[in-house]
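For reference, the structure is listed below as structure tokens.
A short reminder: the numbers here are calculations on the coordinates, not readings from a lab. Every value quoted in this text rests on a predicted model; they were computed, and no experiment measured them. With ideal geometry, Cβ positions are generated from the backbone for all residues, glycine too; neighbour counts draw on all protein chains shown.
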Amino acid sequence: MVVHMYGHPVDMDPIMALAQRHGLAVIEDAAEVHGALYQSGRTTPQAAWKKCGGIGHVATFSFFANKLITTGEGGMVITDDPDIAARSRSLRNLCFRSDRRFLHTELGHQFRLTNMQAALGVGQVGRIESIVERKRWAAAEYTRRLSGLSELQLPMEQPWARSVFWIYSIVLSDDVPFDAAEFARRLKALGVETRPFFLGMHEQPVFHDMGLFKGEHYPVSERIARRGLYVPSGLALTLEQIETVSQAVRQILR
């Protein structure tokens, strides 16, 4: 399972090659990369740009309220394998049998997307390119104002990727004498809302209670969870608001 993070694609070619060698299926978590592109085969004459979510065997998308395409809640699974597609449809629809409606030989789920939600999502799919361009514009404006600050690590974009910059994330350098939680408090005092980075699964108490991950440490995940946060990144963000956020960040770091 590969996770495209914060709008930026994973380098998929080595993963697909590894999976092929060992007979593995690849599931893409594409919740944060609606519309993102990955350049496959870039060292060959067959180089081509591919949509994230359309490279592995199965992909999952989220339509939560903060995603580029939203239906308020819900998501979708896509695949080009007809057997997996049929199995997925059955599981999302209570595992109704085709030969007898209310006889169940397996446990399924009620994961059906309503027609109203689907219509809302389809309307956004038609303007996905403009949505992506808006996100890329906002990221470029943030980068223009915050680049050059040695105290920050800003989002990057590999030459083989076209990120959609789902959110604009910043990571404090180790030289900054406070962590992201304190940074967020100081930004809030200046009227800027933020959101912390995800916490690693190995640090979740619920898993510790299940006997999982005890004594395990993952320094990269732990560091960015404590040093990183997201600044406002919504589609309605204005240039004036980007300037306000950037000035607040600079003021605190001064």
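With viscosity set to 0.692 mPa s and temperature to 37 °C, compute the Stokes-Einstein D of the range 154-236, Rh being the Kirkwood radius across alpha carbon pairs; µm²/s, no decimals. All intermediate terms of the calculation are to be shown ahead of the outcome.
Values: Rh = 14.7 Å.
It diffuses with D of about 224 µm²/s by this estimate.
Between the helical axis of 82-92 and the longest alpha-carbon principal axis of the chain there is an angle of about 80 degrees. Normalising the average separation of contacting C-alpha pairs (under 8 angstrom, six or more residues apart) by the number of residues puts the relative contact order of the range 2-125 at 17 percent. Once the Cα-Cα distance is subtracted from the 0.36 nm per residue extended length, the R112 to T43 segment shows a gain of 20.7 nm. Values [x] 7, 29, 32, 19, 10, 3, 0; [y] 8, 32, 38, 18, 4, 0; [z] 6, 23, 31, 26, 11, 3, 0 are given for comparison; P(r) over Cα pairs in 10 Å bins from 0, in percent, derived from the coordinates here, is the one labelled [z].
Could the peptides 189-202, 132-145 be put in order, highest first, of the mean number of other beta-carbon atoms found within 10 Å of their residues?
Numbers: 189-202: 14.2, 132-145: 17.8.
Top of the packing list down: 132-145, 189-202.
Centre-to-centre, using Cα atoms only, the range 163-194 and the range 196-254 are separated by 8 Å.
Mind pulling the angle between the C-alpha long axis of helix 128-146 and the longest principal axis of the chain? Nearest 10 degrees, somewhere in 0 to 90. So the helix axis and the longest Cα principal axis differ by about 20 degrees.
K188 sits among other residues whose Cβ lies under 15 Å from its own Cβ, and their net charge, with Lys and Arg +1 and Asp and Glu -1, is 0. Over the range 1-49, the Kirkwood radius and the radius of gyration, each from Cα atoms, give a ratio Rg/Rh of 0.99. Amide H to amide H, with H built 1.01 Å from N, V231 comes under 5 Å of Y168, I170, counting only residues 5 or more places away or on other chains. In the chain, the DSSP-assigned H stretches of four residues or longer account for a calculated mean residue ellipticity at 222 nm of -11000 deg cm²/dmol, using -39500 (n - 2.57) per stretch and the full residue count as denominator.
Compared with the dominant Cα axis of the chain, that is its longest principal axis, helix 180-189 is turned about 70°.
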